[in-house]
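Encoded as structure tokens, the structure appears first; notes follow it.
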DNA sequence: ATTAATTCTATAAAATTAGTAGAGTTTAAA
DNA sequence: TTTAAACTCTACTAATTTTATAGAATTAAT
């Protein structure tokens, strides 16, 4: 399941994707349009900025705008940024790999093989969902 | 990601699937073989029993055994039993459906459509992974 | 200088997860 | 019928994560 943070991030990105390219959106404007607690959204937008998905303009008349093309922001990206690994266990993850402490010999683990298959399939599906594809409904 | 409970459940089921059909396995035996805290495993086996995946024999010389065929226990089943919905948000779930409180009109939600697609694809993948397929490596 | 915005750090309440404790019940066998 | 060995059940606890909130600092336009 997605965390609220990831869900809010996606909703904020969808909002930004629907604005004119030149428009910068204030946090409060996004928060009200997408029903997201404003102070929580502040953090989320900063995370998105650090992930180089959005840019910001500071000071009066400042706000946020999409930095990457809406075609290049995928569900997999946002999942990884806010909720971490796509894989079902760390030992089956590419970007968040970690050994299981309860596993004597990883190469012998019956579970891992199946979970790698799952990761490959869900990753492909999640990379197919972009902000652009969501906006197009 | 899978919870430890779900991971332990899968490891326990894999252990049971590798025993002879007539054999009943004691909790302590499974715990030691699969490196699972015994008292934690007790709870997990009871959950698996209530889900009709395993059966038990009480009293001295009692223990657990597979109730369902290893071909009929899927990763999706175990995910649902221990970790709930397969879908990324409750509003996109079949078995754990819930409305989002921050969503004014669900039929208008741009996110939901994409998440239903993802759910369909990952569900298909997860239903393809059975205890039998994992044992066969 | 003032206003309106982002940025940053700290804090807090609630929920979830992971695991432990201990008493109760059931069954086989001596 | 007693004992041993197993499952069953309920409650509890500690740690972690999640979901925020608060407030001061910084930036930029007018």
Which condition from (1) within 12 Å of DNA strand C (Cβ to nearest atom); (2) out of contact with any strand residue (DSSP E or B) (no Cβ under 9 Å at 6 or more places or on another chain) is the one that residue A:76 breaks?
(1)
Residue A:89 passes all but one of the listed conditions (1) away from DNA strand C (no atom under 11 Å from the Cβ); (2) farther than 27 Å from residue B:99 by Cα; (3) touching a helix residue (DSSP H, G or I) at 6+ places or on another chain (Cβ under 6 Å); the exception is number (1)
Exactly one condition in (1) surrounded by fewer than 18 Cβ atoms within 10 Å (Cβ to Cβ); (2) at pLDDT 95 or above is not met by residue A:113; state its number.
(2)
Consider segment A:55-82. How many of its residues are over 18 Å from residue A:17 (Cβ atoms) and crowded, with 17+ Cβ neighbours inside 10 Å?
1
Within segment B:6-54, residues being crowded, with 18+ Cβ neighbours inside 10 Å, within 13 Å of DNA strand D (Cβ to nearest atom) and touching a residue at least 24 places away in the same chain (Cβ under 8 Å) number 12
Among residues of segment A:83-102 being in contact (Cβ under 8 Å) with a residue 24 or more places away in the chain and buried (at least 18 other Cβ atoms within 10 Å of the Cβ), the residue farthest from DNA strand D (Cβ to nearest atom) is A:92
Using the structure shown, decide if residue B:36 is in a loop (DSSP other than H, G, I, E, B) and touching a helix residue (DSSP H, G or I) at 6+ places or on another chain (Cβ under 8 Å).
yes
Selection from segment B:68-85 of residues outside any helix (DSSP H, G or I) and more than 9 Å from chain A (Cβ to nearest Cβ) yields B:68, B:69, B:70, B:71, B:72, B:73, B:74
Filter segment A:1-22 down to the residues that are away from DNA strand C (no atom under 12 Å from the Cβ) and part of a loop (DSSP other than H, G, I, E, B), then identify the one that is farthest from residue B:79 (Cα to Cα).
A:22
Scope segment B:97-129; condition more than 9 Å from every other protein chain (Cβ to nearest Cβ) and farther than 19 Å from residue A:79 by Cα; matching residues:
B:97, B:98, B:99, B:105, B:106, B:107, B:108, B:127
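The values are calculated or read from the model by the stated rules, or taken from the named source; none is laboratory data. What you are looking at is a predicted structure, and each value in this text was computed from that prediction instead of being measured. No Cβ is skipped: glycine too gets one built from the backbone with ideal geometry, and neighbour counts run over all protein chains shown.
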